[in-house]
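The next block holds one structure in the form of C-alpha cells; read it before the comments.
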Amino acid sequence: MSWLALLQNLEAGTVRAATQDENGDWHANVDVKKGILDVFKNGTNIEFPGGFVDKDNLAVRGFSAEDGVRMVPGGTSVRPGAYVASGTIIMPPAYVNIGAYIDSGTMVDSHALVGSCAQVGKNVHLSAAVQLGGVLEPVGASPVVIEDDAFIGAGCVIVEGVVVKKGAVLAPGVRLSATIPVYDCVNERQLERGEAIPEYAIVVPGSRPASSEWGRNQGLNMSCALIVKYRDEQSNASLALEEVLR
C-alpha cells in the first residue's frame, strides 16, 4: 500500500494503528506504523500559510458539516492520517496526531492531545489538558488505548501504551505509564506491569513511600494510582451531566 493510500485509509477508519484480538487485548499494527513512518520519509519541508513549516504531504485536515464533526474554532489541528468519527466534538485548542483513531460521540476538550496512533473509543470524554502519548517507534510498541465510555479527568497523562478499559473513570491529575504502579484497593492487589486499567474502575492519584531506605527516612513519596471503587448507579448518574454538553 502506498503512503497516500495509507493516509486515506487511516482517515476513513478502514485500517488502524492497533487492533483488538478476541481476548480483548490490543496489539500494534506494525505494517501501519511502518507506513506512517514512510509518510515522513516521502515528504519535503515546505512553508504553509501562517508561518508553519512541515512536510508537504502532511497539511492539516479540514472538515465539512457533512462529516458530522464539530471542531470549534480557536487553534485546533488534526493531522492527516487521523480518523475522527461523526459525532466527535473537539474544543480549542486541541491536537490530534497522525495515526490516531477517535470514535463517535467522543469529546476532546481544550488543551488535550491525542498522540500519534492513540486509539480512543466511543463516547469517551477527554477533559481539559488530557495528554495521550504518541507511539510511532519502535513500530512494535502498542499505543495508548482508551476504550468506550471511559471518562478521563482534567490534566491526566497517559503514556507508554497504557490501556484504559471500557467505562473506567480517571480522576483529575492521574498519571499512568508503564512504570507507575497501580493499586486496586477494592481487590487488594497491585496490577501487573502493563496490565490494563480494568473496566469501570474509578482511579485517583496516590502516593507511596520511596523505595530506598534513605528516601523513606526523608519522608519522600513517589507517584502511584489507586483504584478506589468500581462504577455503580451513583457514579454513573454523576457522569450523566456529560450529555448536557452534547
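The values are calculated or read from the model by the stated rules, or taken from the named source; none is laboratory data. These figures come from a predicted structure and were not determined experimentally. Because the Cβ atoms are built from the backbone with ideal geometry, glycine has one as well, and the counts that use them run over all protein chains shown. Side chains included, ligands, DNA and RNA excluded: accessible areas come from the protein's heavy atoms. Shrake-Rupley method; radii C 1.70, N 1.55, O 1.52, S 1.80 Å.
Selection of first residues in segment 177-189 that are over 17 Å from VAL145 (Cα atoms) and part of a loop (DSSP other than H, G, I, E, B) and of second residues that are open to solvent by 30 Å² or more (accessible area, probe 1.4 Å) and among the charged types (D, E, K, R), restricted to Cβ pairs under 9 Å at least 6 apart or on distinct chains, gives the following pairs, ordered by first then second residue: PRO181/ARG193; PRO181/ARG208; CYS185/LYS229; VAL186/LYS229.
Here ALA201 fulfils each of the conditions (1) over 30 Å from ASP31 (Cβ atoms); (2) open to solvent by 20 Å² or more (accessible area, probe 1.4 Å) apart from (2).
Exactly one residue among GLY115, GLY194 is open to solvent by 50 Å² or more (accessible area, probe 1.4 Å), in contact with a strand residue (DSSP E or B) (Cβ under 9 Å, 6 or more places away or on another chain) and under 30 Å from VAL39 (Cβ atoms), and that residue is GLY194. For the residues ARG231, ARG175, ARG189, the requirement of being surrounded by fewer than 14 Cβ atoms within 10 Å (Cβ to Cβ) and basic (Lys, Arg) singles out ARG189.
The set of residues in segment 164-176 that are closer than 17 Å to HIS27 by Cα and either assigned to a strand (DSSP E or B) or not charged (D, E, K, R) (or both) contains only VAL164.
Residues are listed down the side, and each one gets a yes or a no for (1) closer than 13 Å to ILE146 by Cβ; (2) without any contact (Cβ under 8 Å) to a residue 24 or more places away in the chain:
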| site | (1), (2) |
| --- | --- |
| TYR83 | no, no |
| SER86 | no, yes |
| PRO93 | no, yes |
| ASP103 | yes, no |
| VAL108 | yes, yes |
| CYS117 | yes, no |
| VAL120 | yes, no |
| LEU126 | yes, no |
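For the structure I just gave you, tell me whether LYS41 is of a type in the set (Lys, Arg) and open to solvent by less than 50 Å² (accessible area, probe 1.4 Å). Answer is no for this residue.
For segment 22-42, the set of residues classified as assigned to a loop (DSSP other than H, G, I, E, B) and either of a type in the set (A, V, I, L, M, F, W, C) or closer than 16 Å to GLY161 by Cα (or both) consists of GLY24, ASP25, ASN29, listed by residue number. Taking every residue in segment 138-163 that is more than 19 Å from GLY24 (Cβ to Cβ) and of a type in the set (Phe, Trp, Tyr) and pairing it with any residue that is in a loop (DSSP other than H, G, I, E, B) and modelled with pLDDT of 95 or more, at least 6 positions away or on another chain, the pairs with Cβ-Cβ distances below 8 Å are PHE151/VAL124; PHE151/SER127; PHE151/ALA168.
Against the list (1) closer than 20 Å to ALA171 by Cβ; (2) under 9 Å from the mean Cα position of the chain (by Cα); (3) in contact (Cβ under 8 Å) with a residue 24 or more places away in the chain, the condition LEU113 fails is (3). Taking the stated definitions as given, is GLY62 on the phi > 0 side of the Ramachandran plot and either surrounded by fewer than 12 Cβ atoms within 10 Å (Cβ to Cβ) or not in a loop (DSSP other than H, G, I, E, B) (or both)? Against the criterion (on the phi > 0 side of the Ramachandran plot and either surrounded by fewer than 12 Cβ atoms within 10 Å (Cβ to Cβ) or not in a loop (DSSP other than H, G, I, E, B) (or both)), GLY62 does not qualify. The set of residues in segment 73-105 that are closer than 16 Å to HIS125 by Cα, open to solvent by 30 Å² or more (accessible area, probe 1.4 Å) and either in a loop (DSSP other than H, G, I, E, B) or touching an Asp or Glu at 6+ places or on another chain (Cβ under 6 Å) (or both) comprises SER86, GLY87, MET91, PRO93, SER104.
Applying a threshold of 6 Å to beta carbon distances and a minimum spacing of six or more residues, or different chains, the list of pairs starting in segment 213-234 at a residue that is within 26 Å of ILE158 (Cα to Cα) and among the small types (Gly, Ala, Ser) and ending at one that is part of a loop (DSSP other than H, G, I, E, B) and open to solvent by less than 60 Å² (accessible area, probe 1.4 Å) reads SER223/ILE180; ALA225/VAL174.
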